[in-house]
Structure formats: structure tokens, C-alpha cells
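Since the structure comes first, as C-alpha cells, the remarks are kept for the end.
Just so it is clear, none of the values below were taken in a lab; they were calculated from the coordinates. Predicted model only: the values in this text are computed from it and were never measured. Every residue, glycine as well, gets a Cβ built from its backbone with ideal geometry; the counts of neighbours run over all protein chains shown.
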Amino acid sequence: MGSSRHTVGELVAQRWGDHRPGLWFEGRTVSHHQVAAGAARRAALLAELLPPGARPHLGVLLDNTPEYPLWLGAAALAGATVAGINPTRRGAELARDILHTECRVLITERSHLPLLTGLELPGVRVLVTDTDAYGELLAPFEGATPDASAARPDSRFLLLFTSGSTGAPKAAICTQGRIAAAGLSLAGHFGVRPDDAHYICMPMFHGNAVIADWAPALAAGARVALRRRFSASGFLPDVRACGATYFTYVGRAVQYLLATPARPDDRDNPLRVGFGTEAGAVDAAAFEKRFGARLVEGYGSSEGGAAIQRTSGTPAGAIGRAAPGDDLAVVDPRTRRVCPPALFTPGGRLLNGAESIGELVNRGTSPFEGYWRNPDADAARRHGTDPRPDAPAAERNWYWTGDLFYRDTDGYLYFAGRTDDRLRVDSENLAAAMIENILARYGHAAAVAVYAVPDPVAGDQVMATLALRDGASFDPADFAAFLDTQPDLGTKMAPRFLRIAERMPVTATNKIHRVGLRSEGFHCPDPVWWRPPGERAYRPLTTADTDSLVARYRAHGREDLLSRPARGAGELPTERTPRT
């Protein structure tokens, strides 16, 4: 999905005069024409609010209310830029996001005003959408009509914060041309029709909701349905009420949907397809069986540096093949050599993970447009085998995704986790995502996370967190027996430590909060079971066990690798579950 000669502003203006249902929210519907008119009014207001010479940057700190797509449309018409502000950020971190992206206007709502209390935001005008004062500001522009003449394909449209594991989040630049191209491409790929309805339940400050859900609906003239925040229990009632045929997901959202009580009429819904990442083959099959809609796993990022498309014939567990025009390779980041193809046993176990797993790299032309005011992060993403400025572009500007993959002999690509999710156990490289896919088969597990904890002597050991299904209890013998029956579980993959959590800690985008889990390790408030070296049975990790382990780390000079949780018991720094 490269750039397009079309603009998002043009797509917004095309809906003027279209009186079909265009936007559904909490049981109420307005037309496409009304949405275009609302965007035009806000674009006119924005022109009045921006100081002369100021960057046309606005921050949007909102739940998924109608104001969010209206301001996206306004920015597109005005040639302005939207920075989606994450409402789970707090204090100085939140202020940093707003100021780093040079927002001169911040759109928010009353429920989020406490987040701004005490923050110093010089030069930032705050508009609160659910107030009389906001309505008075908009009133003079009642007759505004959409004018996309200020929009160009290279107009900076979005600054999308990425959720990195370390340091401040980076803001990926997305132009109107790239977002328009993505919308048109996905609309064509999924056969989106004007009478379809796209249900947006993922947060709109995240690229998934805007690029993969809102943009293809806009491109095809389909209507959009909004949910303030993801709700597993509200999902199916919403889908039926708004007539949703398509939705997107990220992280553990599909697992939360499957964890709701099954009903005989679950398949009585209009859904046709869901598009997203990290559902896993087991949950995707269970979702289709229960709800009658297929899930399509894709790969792509807010940065747009590489894309993988799933086509018919894609093997179970694979994401797909490289999109047309991409020269994707799985590369060993140490040697910068292409990794050999993956080899499997008849049971599907990866035989040569240490050699075949590497970082996914786009060696061709990448649509990556850089990070806002972050040249170091740009350089970390784009570098090749030849660092000389006068080297051919093909040897200089590779795009490094930061994601681990392996490729089979037919060219299909399999996701193996983030580069910081790689584990090295007894000198063997393992990928957390591969182990997670196996543990997800355990019948009592509602969610699974796998991550590294340091070994007392060298390398890593495998730790997993299991969140159990409602009413289930953990039986260590049953879990050990389950592991013994998994043909693709390598000899080094079985978890040494097993944390049993009531709920899986997640971020605002429903991704597992691995940073927090890794930080806590086996020093955590939840029950931890472990298999001591040389033993096959799991038993509770006691205080005496922990003291003995810490003494081993200390004896080998590795105690400093055991980070203790800085917060109180269970207080990982994000929401622990999405709303239900």
C-alpha cells in the first residue's frame, strides 16, 4: 500500500450530497452528507483558531465518539494534521505527547479533562466537545461546505504514536496519499460495498482503527459505527444494532469475545469478516465456528514499512506472502544475511528456529514516511548493508520492521514476535509468539503471554502468564500432560515459570503489557508455579524457592537483572482489562 494521487480530503468531500446512513453511534444515525457538513464546519473553525504561521497540528484526546471522525475529516479538508492522543498516558508523559507533536489545538471531552489537570501546555487551545461553549464556537460555520483544495497527497495527515517497549513513543508520519491508498486498497481487497457497515471498536488514536477500518469505509462510501471503548459483552448487540459487516481487532480482543458466554443465536449476526492481528489460528477457527464470520490475519504497521497479504492457500499459522512490490526478506540482524527457510517435523514443530528466525526487512521501496522529529528512530528503521551516502538505495535504505519472522520453502511468512520477544535458552533462539500459539491450545486458558526472564547463569528462561477461563482452576498435572501431547513444542520451549493471573494485563489497544510482565518476572502478586531444573512436575514457587533462586543469581553476578516491580501488588501501568 504505497501512496496515492488521491487525498483523504477528496474522499470526505465526495460524501457531500450522499443522504444514505453514514455514521451510527449509540443507536442514533446521521447521513454521509451530515458527516461531510460537520467536517466542513470544523475545518472552517480550525482555520479561525490556528495562530498565523502555526503548524496546522491538532491533538484529539477522545473516546470513539462522532467527534473523532468529524475532526479527521476536518483535518483532511484543511490539509491539517491529527495527532491521536492516548488517554491511558498520564502526567508529564501525556504533556510530552501533546507538545512533541506541536499541537496548537486539543480536542477533548469532559470525561478526559481530569487528565489535563496540572499540565503545562503553553500555546495549546483546548476545546471540550460536550459543552455549550463548543457548540457556540461552531455555530458561525453552520453553512460551511466541504472544500478539499488545500489537501495534497503529500499533506501530513496523521501522527500516530507507536507503542514501543522502551523510551517515549514515536509518532509515525502518515500523509493523505498513503492513507487514501490504504483505504482504497483494503476496500478492494475485502470487496467493501457502499451498503456495508464498518464497526470501529478499537481506539481511534491507534492506526488499526483509522487505517484499516475508517479509511476503507470512507473510500467505499460504507457507513461507520462507533463504540466508545471496546466491550466484549457489548460487541454482538452493537453488531446487530448497526448491521456491521466488517470490524478490525488487535491484541487479545478476539480472546475476550470468545470468553463471553456462548448463546445458541451467536451466529445470528450480519458480520462477514474481521481483519486484524494476533488472534492466532486456534482462536480464529473458534471465532468463525461460533459467530459465522472469518477472521483474516494481516501484517502491517502504522509506519507502513512492509505489508503481508493473506491469500487463498496460505497455510495454517502463516500470515501470508509479501504484498506486490515489496521485497521482503527474513534477515539475521547480526550478519545481515538472509536466513535459511524454515524446516518442520511432520507434526509441525520448527526444527531450525535458531537459523531460520530473523527480522523482517523490506529491501525494496518502502512507503515509510519517517517519525516526527526523531532522526535517530528514522535511522534505526532505515539502514542497509552499505552505509555510504552514495551507495545505491537498494543497498542503503532497507526498512527494518522490528518484528521476528520465519519463511517456509514456499515463501509463506510466519510471525514469531517482536525482536525484544526473542528468548535465548541454552544457546537456542526461541520466539515468544511461537510458544504462545502452542499454549493457546490449552483448554482452560483465556489468554496467554510468553516472555523471557533471565537465567541465573546465562541467557534466558521461559516464563508464561495464563489467564484462565471463567470457572476454571489450574491443575499442574493436567497442564504438564497437555505439554507432553504437543508435537510442535520444542524441548526448550516449556515454561520454567508459570504465572496464573485472574486477568491478563493489557494496554489501551488490548495488546498484552509484556513490558510490565517482564519487569515483574516471578516477583509478582499472582501465584507462580515452576519446574525446577531436572523435574517434570510443576509446583508452587515458595518464598524459600525464590530466596534460593536469588542467591544463585547473586552468585553468578546476575542479580541486577531481576527487576523488582516498582508499584504495588498487581499495579502494572495500564488498564488490566478492556471494558465489558
What's the exposure ranking of H513, H32, H189, H556, going from fewest to most Cβ atoms within 10 Å?
H556, H189, H513, H32
With a ≥ b ≥ c from the Cα gyration tensor eigenvalues, square-rooted, and the rule rounded for a/c under 1.5, otherwise prolate when a/b > b/c and oblate otherwise, segment 60-126 is oblate
Taking every pair of alpha-carbon atoms in segment 283-434, what share in percent sits in each 5 Å bin, from 0 to the bin with the longest distance?
2, 9, 17, 21, 19, 15, 10, 5, 2, 1, 0, 0
Based solely on its DSSP helices, what 222 nm [θ] is calculated for the chain when runs of n ≥ 4 H residues each add -39,500 (n - 2.57) and the sum is averaged over all residues, nearest 500 deg cm²/dmol?
-7500 deg cm²/dmol
Note: L49 to V338 extended length (0.36 nm per residue) minus current alpha-carbon separation gives 98.8 nm
Cα convex hull volume per residue for segment 426-580 (Å³):
120
For F247, F474, which order do you get if you count the other beta carbons within 10 Å of each Cβ and list the fewest first?
F474, F247
Helix 91-100: angle to the longest alpha-carbon principal axis of the chain, degrees 0 to 90, nearest 10?
50
In whole Å, what is the distance between the alpha-carbon centres of segment 279-352 and segment 448-487?
24
Rank by packing, highest mean first: peptides 207-220, 457-470, with packing defined as the count of other Cβ atoms within 10 Å averaged across residues.
207-220, 457-470
For the pair Y134/D410, report the inter-label distance in nm, with labels modelled 7 Å from Cα in the Cβ direction.
5.1
Per the Kirkwood treatment, what hydrodynamic radius in Å, one decimal, follows for the chain from the mean inverse distance over all distinct Cα pairs?
25.1
Highest first, please rank the peptides 295-307, 260-272 by the mean number of other Cβ atoms sitting within 10 Å of their residues.
295-307, 260-272
Peptides 231-240, 444-453, 475-484 ordered by average Cβ neighbours within 10 Å, highest first:
444-453, 231-240, 475-484
Label T345 and A316 with points 7 Å out from Cα along Cα→Cβ: what is the distance between them in nm?
1.7
For D545 and D420, what is the calculated FRET efficiency with R₀ set at 41 Å and r taken between the beta-carbons, to the nearest 0.05?
0.90
